[in-house]
Amino acid sequence: MTTASLTAADLSVEFSGLRALDRVSITLNTGEILGLIGPNGSGKTTLVNALTGHVRALEGTITCAGETITHLKPFQIARKGVARSFQIVRLFRNLTVLENVETAAIVRGASRPAARRRGLALLEDLGLAALAEEPAGALSYGDERRVEIARALAAEPRFLLLDEPAAGMNEAEGHALVAMLSALPAARNLGLLVIDHHMPLIMRLCQRLHVLASGRTIGEGDVETVRRLPAVIEAYLGVSAVEAADA
Amino acid sequence: MPDRRTLITLAVLVAAVAVSVAVAELSGVRLIDRVVTVMCINLILVLGLQVFMGNSGILSFAHIGFMGIGAYTTALFTLPLQMRGMVLPNLYDVLATVELSPALGIALGGLVAAMVAAALSFPLMRLSDAAAVITSFALLVVLHTIMVHWSEVTNGPRTFFGVPEATGLYQAAGVAVLAIVGALAFKESRTGVLLRASRDDEVAAHTIGANVPVLRWRGFVLSAFMAGVGGGLWAHFITSFSPNAFYLKETFVILGMLVIGGGATVTGAVVGTIAVTIAYEGLRAFENMLNTEQVFDGTVVGLTEVVLACAMIGILVLRPEGLAGSCEIGATALFRRRPQPTGERP
Ligand SMILES: Nc1ncnc2c1ncn2[C@@H]1O[C@H](COP(=O)(O)OP(=O)(O)O)[C@@H](O)[C@H]1O
Ligand SMILES: [Mg+2]
């Protein structure tokens, strides 16, 4: 299996004067899990929005497997193999859970029966098979998030960007999620980017970290290196977090 | 292979049409025969509107304009040759020699409506919400204005008469059944599923890679085709009409039927059409009775319109999803298999 990467080079985004991202460069490779962390309002969601075409970059370039996708629309970027979830879940609420998952397979050219089979297999894998015929608008919070991930996977993406996938889950659900996500890159040959606040979860899950603060990159590299960088400790982790992880 | 629930829905809705036809036949009353025929034609129009509006979630006012295109197209091509000079004195020479059968004329009407929709609508399909509604209304005005002024083929604002009578109860009911099949098939098609997804959440639809304007455009073109066929059937039923038949009053009736029944489902389109037809005819009979019995000093007019308007307001306030709710009849509890116990759910 060949590696490919999704990269942003010197990406800047402004919202009416506010610089939400300031010359950020980031690379996500297939086969790895990259953690994107930083305080609230540091630009993590904005970075995912820019990578998926939902907000326009003021400057910088984005490439997917070598191809420039900077000016493509969200649906075109999706078709290049970049899938995502949202910080606030966005499901098709009047469709069933299975139909939600089917949609992404249909877009990739599957017939309805084929999309149905792929959808059922994914729901089975994620332990959601019992919910297949439920309307997606009637799910619990944790199930909603997992259905959103199942839908993203049905597109067979090369890159999957998850915006706080564990938010609102209890500890047991969080552990199950980590186990499920850890297996994805190898099993599906995709690159996984995960935003989360919860440091223990990020430490267990990720090989590499990228840290943002006020729209700037303040640290990147393997987990051990990054969590000892003074700037990172100061801006985000706090001394206690380093001690907690050492303990 | 459609799933079981869709087949049950189809069976129940076709049965509803069959019962209406049976009532008309058994009654032997000519008026009831005509009412059911018009109901079946309206059903085709309402189903056509449901195809676009129900699945995309976008209100369209342009629908009846496409009905008019279908009606004028078949009228023009089926008008007996010897009458052409009388009805359309300024008709172009090329058109003065072609005469089609009503069945071909109606099919052609559907195709012309679909082609006009395909050509005009793509830019509109990028719009959502208020912008989409107002531009569809503008499109209706444009189509109406063309019908009023293109005298060569429409006889202008004057009545177009002499269309051969060809639509009876069975023709209308048969096409209505096809329209039910078409609307259900579209809803369950790949395009239909994605369009319904975009209705629920347009941003998420983009995120899975759906090209939303293209999906809407397909729905709009099919919708216009059905409106064109409905218009053609109506032209061969009524045999003479003017552009005003395809304007605000008809728009309001067809929209009212869909909204009252419930736009999100094919079931809603059928329920709304039948319910409004019964209410309409009941009120009209009541109005006639009041007037012939001289219950009031003056004559009572407009009762039907006022009641329909009030019903629409009432439904929107009290039950916005319409009489039929948000599920197709085949997916309601009545037909649901008992859920199998599973150990998987925590
Ligand atoms: N659509 C928007 N319009 C204006 N400002 C925005 C918008 N989206 C985000 N921002 C601002 O950009 C900054 C970064 O936000 P965000 O990317 O959501 O941070 P994070 O996900 O790291 O919490 C914040 O100051 C936020 O208020
Ligand atoms: Mg965020």
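No value in this document is a laboratory result; all are computed from the given coordinates. Here the structure is a predicted model, which is why all the values come from computation and not from measurement. So basically every Cβ, Gly included, is an ideal-geometry build from the backbone, and we count neighbours across all protein chains shown.
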Original post:
What does the charge add up to near residue A:42, with Lys and Arg as +1, Asp and Glu as -1, over the other residues with Cβ less than 14 Å from its Cβ?
Top reply: -3
Original post:
Taking the simple approach of a point 7 Å from Cα along Cα-to-Cβ for both residue A:182 and residue B:145, what is their distance in nm?
Top reply: 6.8
Original post:
Under 5 Å between amide H atoms, partner at least 5 residues away or on a different chain: which partners does residue A:36 have, H built in plane at 1.01 Å?
Top reply: A:194, A:195, A:196, A:210
**OP:** Would you calculate the separation in nanometres between label points at residue A:29 and residue B:178, each defined as 7 Å from the Cα along the Cα-to-beta-carbon direction?
**Re:** 6.1
Original post:
In units of 2.2 N^0.38 Å, what is the alpha-carbon radius of gyration of the range B:17-173?
Top reply: 1.17
Subject >> More than 39 angstrom apart: percent of Cα pairs within chain B >> reply: 16
**OP:** Compute the signed sum of charges (Lys and Arg +1, Asp and Glu -1) over the other residues within less than 13 Å, Cβ to Cβ, of residue B:223.
**Re:** +3
**OP:** Round to a whole angstrom and tell me the spacing of the C-alpha centers of the range B:69-88 and the range A:116-172.
**Re:** 58
Subject >> chain B - mean residue ellipticity at 222 nm from DSSP helices (-39,500 (n - 2.57) per run, n ≥ 4, rounded to 500) >> reply: -22500 deg cm²/dmol
Original post:
In nanometres, what is the gap between the two model label sites at residue B:115 and residue B:293, each 7 Å from Cα along Cα-to-Cβ?
Top reply: 5.5
**OP:** Ignore the peptide's own chain and count Cβ atoms of other chains within 10 Å of each Cβ in A:189-202; give me the average, rounded.
**Re:** 0
Original post:
Can you give the net charge of the other residues whose Cβ lies under 14 Å from the Cβ of residue B:273, counting K and R as +1 and D and E as -1?
Top reply: -2
Subject >> Estimated [θ] at 222 nm from DSSP helical runs (n ≥ 4, -39500 (n - 2.57)) normalised by residues in chain A, nearest 500 >> reply: -11000 deg cm²/dmol
Original post:
Which residues in the range B:183-208 place their backbone N less than 13 Å from a point set 7 Å from the Cα of residue A:73 along the Cα-to-Cβ direction?
Top reply: B:203, B:205-208
Subject >> P(r), alpha carbons of the range A:26-246 - 10 Å bins starting at zero, rounded % >> reply: 8, 33, 36, 18, 4, 0
Original post:
Order of B:92, B:170, B:72 from fewest to most other C-beta atoms within 10 Å?
Top reply: B:92, B:170, B:72
Subject >> Prolate/oblate/rounded call for the range B:182-255, Cα gyration tensor, a/c under 1.5 rounded >> reply: prolate
Subject >> Residue exposure sequence - A:196, B:93, A:22 - by fewest surrounding Cβ within 10 Å >> reply: B:93, A:22, A:196
**OP:** Quick one: order A:125, B:33 by neighbouring beta-carbon count within 10 Å, fewest to most.
**Re:** A:125, B:33
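Averaged over its residues, how many other protein chain Cβ atoms are within 10 Å of peptide B:188-197's Cβ atoms?
Partner Cβ neighbours, averaged per residue: 5.
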Original post:
How much space per residue, in cubic angstrom, does the convex hull of the C-alpha atoms of the range B:33-111 take up?
Top reply: 127
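Take the Cβ-Cβ distance between residue B:18 and residue B:326 as r, set R0 to 25 Å, and report the resulting FRET efficiency rounded to the nearest 0.05.
Efficiency for this residue pair is about 0.45.
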Original post:
What number in nm² do you get for the protein assembly as shown if you take the convex hull of its Cα atoms and divide its surface by four?
Top reply: 34.1
Original post:
Stretch residue B:138-residue B:306 to full length: gain in nm at 0.36 nm per residue minus the Cα-Cα span?
Top reply: 58.0 nm
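Hey, any idea what the orientation-averaged projected area of the convex hull of the range B:74-137's Cα atoms comes to, in nm²?
Dividing the Cα hull surface by four gives the mean projection, 5.8 nm².
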**OP:** For an R0 of 22 angstrom, estimate the FRET efficiency from the Cβ-Cβ distance between residue B:129 and residue A:197 and round to the nearest 0.05.
**Re:** 0.05
Original post:
Taking each residue of B:198-206 in turn, how many C-beta atoms of other protein chains fall within 10 Å of its C-beta, and what is the average?
Top reply: 6
Original post:
Taking the Cα centre of each part, how many Å lie between the range A:68-113 and the range B:1-35?
Top reply: 39
